[in-house]
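Before any comments, here is the structure.
The values are calculated or read from the model by the stated rules, or taken from the named source; none is laboratory data. Being a predicted model, the structure only gives us computed values, none of them experimental. Ideal geometry is used to build each Cβ from the backbone, glycine not excepted, and the neighbour counts take in all protein chains shown. For accessibility, only protein heavy atoms count, side chains too; no ligands or nucleic acids. Shrake-Rupley method; radii C 1.70, N 1.55, O 1.52, S 1.80 Å.
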Amino acid sequence: GNSVTQMEGPVTLSEEAFLTINCTYTATGYPSLFWYVQYPGEGLQLLLKATKADDKGSNKGFEATYRKETTSFHLEKGSVQVSDSAVYFCALSYSGAGSYQLTFGKGTKLSVIP
Amino acid sequence: EAGVTQFPSHSVIEKGQTVTLRCDPISGHDNLYWYRRVMGKEIKFLLHFVKESKQDESGMPNNRFLAERTGGTYSTLKVQPAELEDSGVYFCASSHSGDRNTQYFGPGTRLTVL
């Protein structure tokens with residue numbers, strides 16, 4: 001079946017540090033890939049997505065590239081801010097079954113300190 | 001445009017009681033999904049509605065869970081009778097049929113079964 005593995009947290013970084021959160025997946029066919037973010041006290045928000053190999057999703061300074069050869073979708077940001085403190089979830093969606101259900105990783109908690 | 005809303009935000013009940021969670025999707029979104037995250041685990045898919053029909057209910061854990069979407073608008077998820085292991089956060093998401101890959105999540109309902 002489909003699965004997503006992302007690096008376990010928590011991750012603590014100083015402001016302006018470089019961020020990488022690793023995410024790899026196992027899936028049949030060609031899934032779409034997503035990063036969702038959950039800020040404290042809020043629901044899940046779609047951060048970025050990529051629907052085919054070599055696509056790069058980007059938003060709010062975050063980027064992730066769909067790498068089919070390594071089945072990866074690592075999240076990166078060049079300079080994190082305190083406001084980026086949140087839990088980040090990598091996810092995939094496969095339409096083969098017709099439902100587009102999302103399969104999530106366990107989430108990575110990021111804390112950015114001033 | 002209003003986002004996905006869920007009610008209640010928190011619910012504390014005793015084992016054996018019944019609880020009903022409600023989700024109002026974004027207006028015009030035919031697709032509605034339920035997910036849940038139990039403590040320390042991944043967010044897991046429960047089921048998917050297209051309008052009022054259940055497209056995929058492969059994630060429903062057992063027959064104590066009943067989901068409905070009468071009229072194809074809001075949805076309810078009833079747990080009867082609730083067990084301790086049902087505690088967790090229940091998320092609802094919706095998507096437009098023209099872009100089923102992009103799901104918008106509600107803030108979630110935190111259910112605690114004592």
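Taken over region B:72-92, the criterion of being among the polar types (S, T, N, Q), open to solvent by 10 Å² or more (accessible area, probe 1.4 Å) and not in a loop (DSSP other than H, G, I, E, B) is satisfied by B:76 alone.
Return a yes/no flag: does region A:26-44 have any residue that is open to solvent by 60 Å² or more (accessible area, probe 1.4 Å) and within 10 Å of the chain's Cα centre (by Cα). No: zero hits. Could you tell me whether any residue of region B:39-53 is closer than 19 Å to residue A:99 by Cα, part of a loop (DSSP other than H, G, I, E, B) and open to solvent by 50 Å² or more (accessible area, probe 1.4 Å)? Scanning region B:39-53 turns up at least one residue that is closer than 19 Å to residue A:99 by Cα, part of a loop (DSSP other than H, G, I, E, B) and open to solvent by 50 Å² or more (accessible area, probe 1.4 Å). Consider residue B:30 carefully, then state whether it is in contact with a helix residue (DSSP H, G or I) (Cβ under 8 Å, 6 or more places away or on another chain), within 14 Å of another protein chain (Cβ to nearest Cβ) and open to solvent by 30 Å² or more (accessible area, probe 1.4 Å). Here the answer is yes, as residue B:30 does meet what is asked. Scan region B:93-114 for residues that are more than 9 Å from chain A (Cβ to nearest Cβ) and surrounded by 19 or more Cβ atoms within 10 Å (Cβ to Cβ) and the total you get is 4.
Which ones in region A:95-114 are at negative phi, touching a residue at least 12 places away in the same chain (Cβ under 8 Å) and part of a loop (DSSP other than H, G, I, E, B)? Within region A:95-114, A:105, A:106, A:114 meet the criteria. The requirement of being among the β-branched types (Val, Ile, Thr), in contact with a strand residue (DSSP E or B) (Cβ under 7 Å, 6 or more places away or on another chain) and within 19 Å of residue B:104 (Cβ to Cβ) is satisfied by residue A:51. For region A:1-16, filtered to residues that are surrounded by 15 or more Cβ atoms within 10 Å (Cβ to Cβ) and assigned to a loop (DSSP other than H, G, I, E, B), the residue that is farthest from the chain's Cα centre (by Cα) is A:2.
Out of A:72, A:32, A:3, one residue alone is away from chain B (no Cβ under 14 Å) and of a type in the set (Gly, Ala, Ser). It is A:72. Quick check on my filter: what residues within region A:73-94 are outside any loop (DSSP other than H, G, I, E, B) and either within 10 Å of the chain's Cα centre (by Cα) or under 17 Å from residue B:104 (Cα atoms) (or both)? Selection gives A:75, A:76, A:87, A:88, A:89, A:90, A:91, A:92, A:93.
Of all residue pairs spaced 6 or more apart or on separate chains, those with beta-carbon atoms under 7 Å, a first member in region B:89-114 that is touching a residue at least 12 places away in the same chain (Cβ under 8 Å) and over 20 Å from residue A:106 (Cα atoms) and a second member that is among the aromatic types (Phe, Trp, Tyr) and in a strand (DSSP E or B) are B:94/B:104; B:95/B:104.
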